[in-house]
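Report on one structure; see the data block that follows.
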Amino acid sequence: MPDVVHELVATPRALEKLGARSISSGEGEQLLRNPHVTIRNARAEHRRLLVGRTDGGRALTLVIEQTPDPTTWLVVTGWSATLAERRILRG
C-alpha cells in the first residue's frame, strides 16, 4: 500500500536546513498539491523521499518521517532534486 501524505509539518530545525538550501516552507507544501512521488529512503527505512515540483516548476526532494497520524509527515530536510530523482518523478 503506498504511503499517503496529506500534511507536512516542519520543525524549526528542518526549516533552518531548508532555508540553507533556499527552500521555503511554502514550496514544501506546494509539492503535495502538484504531481509528486513518495519513495522509500534507502538510507533510513522509516523515512521516505517526497519528490515533486513547486508551482514555479522547481524540482525538490524532501526527506519525511511518518508521525503517529499516518497521513501527517514530519519534514527532516530537503534539497533540489537530483537528475535521478527528477527521472523518478517523470515516471
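Scanning the stretch 52-83 for residues that are in contact with a Ser or Thr (Cβ under 8 Å, 6 or more places away or on another chain), open to solvent by 30 Å² or more (accessible area, probe 1.4 Å) and free of Cβ contacts under 8 Å to residues at least 24 places away in the same chain yields one hit, T82.
Counting only residues that are among the charged types (D, E, K, R) and under 20 Å from T82 (Cβ atoms), the stretch 1-44 holds 5 of them.
The values are calculated or read from the model by the stated rules, or taken from the named source; none is laboratory data. As the structure is a computational prediction, the values presented were derived from the model and not from experiment. So basically every Cβ, Gly included, is an ideal-geometry build from the backbone, and we count neighbours across all protein chains shown. Please note that ligands, DNA and RNA were not included when accessible areas were found on the heavy atoms of the full protein model with its side chains. Shrake-Rupley method; radii C 1.70, N 1.55, O 1.52, S 1.80 Å.
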